[in-house]
1. For segment 79-90, which positions are closer than 12 Å to ILE121 by Cα and either without any contact (Cβ under 8 Å) to a residue 24 or more places away in the chain or of a type in the set (S, T, N, Q) (or both)?
2. In segment 1-21, what residues are over 17 Å from ARG61 (Cβ atoms), surrounded by 11 or more Cβ atoms within 10 Å (Cβ to Cβ) and without any contact (Cβ under 8 Å) to a residue 24 or more places away in the chain?
3. Kindly check whether there is at least one residue in segment 109-118 that is farther than 22 Å from ALA60 by Cα and either in contact (Cβ under 8 Å) with a residue 40 or more places away in the chain or in contact with a helix residue (DSSP H, G or I) (Cβ under 7 Å, 6 or more places away or on another chain) (or both).
4. Taking the residues in segment 128-166 that are in a loop (DSSP other than H, G, I, E, B) and farther than 30 Å from ARG62 by Cα as candidates, determine which candidate is modelled with the lowest pLDDT.
5. Among the residues of segment 99-125, what is the count of those that are over 19 Å from SER70 (Cβ atoms) and either among the basic types (Lys, Arg) or outside any helix (DSSP H, G or I) (or both)?
6. How many residues does segment 102-137 hold that are under 25 Å from GLU8 (Cβ atoms) and in contact with a His (Cβ under 6 Å, 6 or more places away or on another chain)?
7. Please state which of the following conditions GLY96 fails to meet, knowing it meets all the rest: (1) under 26 Å from LYS12 (Cα atoms); (2) at pLDDT below 85; (3) part of a helix (DSSP H, G or I).
8. Is it true that some residue in segment 28-44 is surrounded by 11 or more Cβ atoms within 10 Å (Cβ to Cβ), on the phi > 0 side of the Ramachandran plot and not in a helix (DSSP H, G or I)?
Amino acid sequence: MKVILLDEVKGKGREGEVVDVARGFAVNYLFPRKLAVEATAGNLKQLDARKGNIAKRETARRAEAEELASAIAGKRIVVEAKAGEEGRLYGSVTSGMVAEAIADQLGVDVEKRRLDIHGHIKSLGEHPVTVAVHENVKAELIVRIVPVGGAAEAQMVAAAEEAHAEEPAAEAAEGEEPAAEPEPEDSAEGPEAAE
């Protein structure tokens, strides 16, 4: 069955695209959620009239996505989880937990379905997470998993690491540091005092 997508549908297409889907998928999922309409002659004419508006919205979404990606790219967030003695987690860290941590720590709302945590996070430590902000716009951040009660300490360590990483860059920007002045020799003690 041919349908016109009214919004992005993962694995099917973007707004304004005409795609062929199974009838049951269209009737039971897409139509009730207002994600698509049937591709009739009248709806196709309306689509042609709306193409300019769709292009403008797409451009605005991409600009917003690039701004969001620059806000989260390379950042570090901390997630607390219950862990055993050997650093293994009881359960795993979910994309929902990571999305909530991004919102709390970075002030950026990200849908959990847009996160790729590269498998399951089942151990303490740092793990890369890719955020698919838009179709072709992705950002990667680091998620540090710490035992429950260790978030404050982990944030202090992360802040210290960032400050330490920025110091060499600041020194390089300033140029060479002035050479240390040689210590003055005691003139009261001459070669005779050493004997």
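The values are calculated or read from the model by the stated rules, or taken from the named source; none is laboratory data. The model shown is predicted, which means the values in this text are computed figures rather than measured ones. Here the Cβ positions follow ideal geometry from the backbone for every residue, glycine too, while neighbour counts run over all protein chains shown.
1. Once the filter is applied, which keeps residues that are closer than 12 Å to ILE121 by Cα and either without any contact (Cβ under 8 Å) to a residue 24 or more places away in the chain or of a type in the set (S, T, N, Q) (or both), segment 79-90 yields only TYR90.
2. As a first pass, look at segment 1-21 and keep what is over 17 Å from ARG61 (Cβ atoms): 1-4, 11-12, 18-21.
Imposing the further condition that a residue be surrounded by 11 or more Cβ atoms within 10 Å (Cβ to Cβ) reduces the set to 1-4, 12, 18-19, 21.
Correct list: LYS12, VAL19, VAL21.
3. Taking segment 109-118 and keeping what is farther than 22 Å from ALA60 by Cα, we get 116-118.
Add one more test, that the residue is either in contact (Cβ under 8 Å) with a residue 40 or more places away in the chain or in contact with a helix residue (DSSP H, G or I) (Cβ under 7 Å, 6 or more places away or on another chain) (or both), and what stays is 117.
Scanning segment 109-118, I find at least one residue that is farther than 22 Å from ALA60 by Cα and either in contact (Cβ under 8 Å) with a residue 40 or more places away in the chain or in contact with a helix residue (DSSP H, G or I) (Cβ under 7 Å, 6 or more places away or on another chain) (or both), so the answer is yes.
4. Within segment 128-166, the match that is modelled with the lowest pLDDT is GLY150.
5. Total satisfying the criteria: 11.
6. Total meeting the criteria: 0.
7. Against the list (1) under 26 Å from LYS12 (Cα atoms); (2) at pLDDT below 85; (3) part of a helix (DSSP H, G or I), GLY96 comes up short only on (2).
8. Among the residues of segment 28-44, not one is surrounded by 11 or more Cβ atoms within 10 Å (Cβ to Cβ), on the phi > 0 side of the Ramachandran plot and not in a helix (DSSP H, G or I), which makes the answer no.
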